[in-house]
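Data first, discussion second: the structure below is written as structure tokens.
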Amino acid sequence: SVLPMLRIKRVALESALQVSKHVYPNEFIALFKRSRKDAQLLEELIIAPLGEYHETSSSFPLLMMPTDPLYAATFHSHPSGAPRPSEADLYFFSRHYYYHFISASPYTKDSTRAYDKQGRQVQFSVV
């Protein structure tokens, strides 16, 4: 069976892109919360507590995050390169959450990619 296309609310994606621009040249990392009724709809940006944003990495303490099953995706920026996952990204993807967004400068929808837990690119639409 084919999963319905991953969708993200415009305000959630735009918020992540704006913060990415603001913290540049550092990386930004956050989470997206999905809809209770639709597992393929990401609707809210969650800024993780105690996030650390550096030029070549970003992180947040997973233990500080509530165990909320609606936290379905991560977002992080790549200030110095393409929106492709690094080896460290792929390791993280395989262990946490369902989807992972990476955006590169200039931080637009067109410079943003989504990936699944295996690091395969997935299509998404903005709604």
| task | Of the listed values (i) 44, 38, 27; (ii) 40, 32, 28; (iii) 64, 32, 21, grab the one calculated as Cα extents along the principal axes in Å from the structure here. | result | (ii)
| query | Between E52, E44, E27, which gets the highest mean-square fluctuation from a Gaussian network model of the chain, Cα cutoff 10 Å? | reply | E52
| How high is the relative contact order of the chain, in percent, with contacts defined as C-alpha pairs under 8 Å that are six or more residues apart? | 27
| remark: Computed about the Cα centre, the charge dipole of the chain from +1 Lys/Arg and -1 Asp/Glu charges at the Cβ has a magnitude in debye, to the nearest 20, of 440
| said: Please list, in order along segment 52-58, the HN-Hα scalar couplings obtained from phi with the Karplus expression 6.51 cos²θ - 1.76 cosθ + 1.60 (θ = phi - 60°), rounded to whole Hz, x for Gly and Pro. | reply: 10, 10, 10, 5, 10, 7, 8
| note | With every protein chain kept in place and a 1.4 Å probe, the chain has an accessible area per residue in Å² of 56
| query | At 222 nm, what helix-only mean residue ellipticity would the chain give, in deg cm²/dmol to the nearest 500, using -39500 (n - 2.57) for each DSSP H run of four or more? | reply | -5500 deg cm²/dmol
| field | Of all accessible heavy-atom area on segment 6-112, the percent that carbon and sulfur account for (1.4 Å) | value | 53
| request: Calculate, in whole percent, how much of the Cα-Cα pair population of segment 65-127 lies beyond 14 Å. | output: 54
| Beta bridge orientation in the chain: antiparallel %, DSSP, nearest 5 | 60
| What does the charge count near R95 come to, summing +1 for each Lys or Arg and -1 for each Asp or Glu among other residues with Cβ under 14 Å from its Cβ? | -2
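The values are calculated or read from the model by the stated rules, or taken from the named source; none is laboratory data. This one's a predicted model, so the numbers in the text were calculated from it and none came from an experiment. With ideal geometry, Cβ positions are generated from the backbone for all residues, glycine too; neighbour counts draw on all protein chains shown. Heads up: the accessible areas ignore ligands, DNA and RNA and are worked out on the full protein's heavy atoms, side chains in. Shrake-Rupley method; radii C 1.70, N 1.55, O 1.52, S 1.80 Å.
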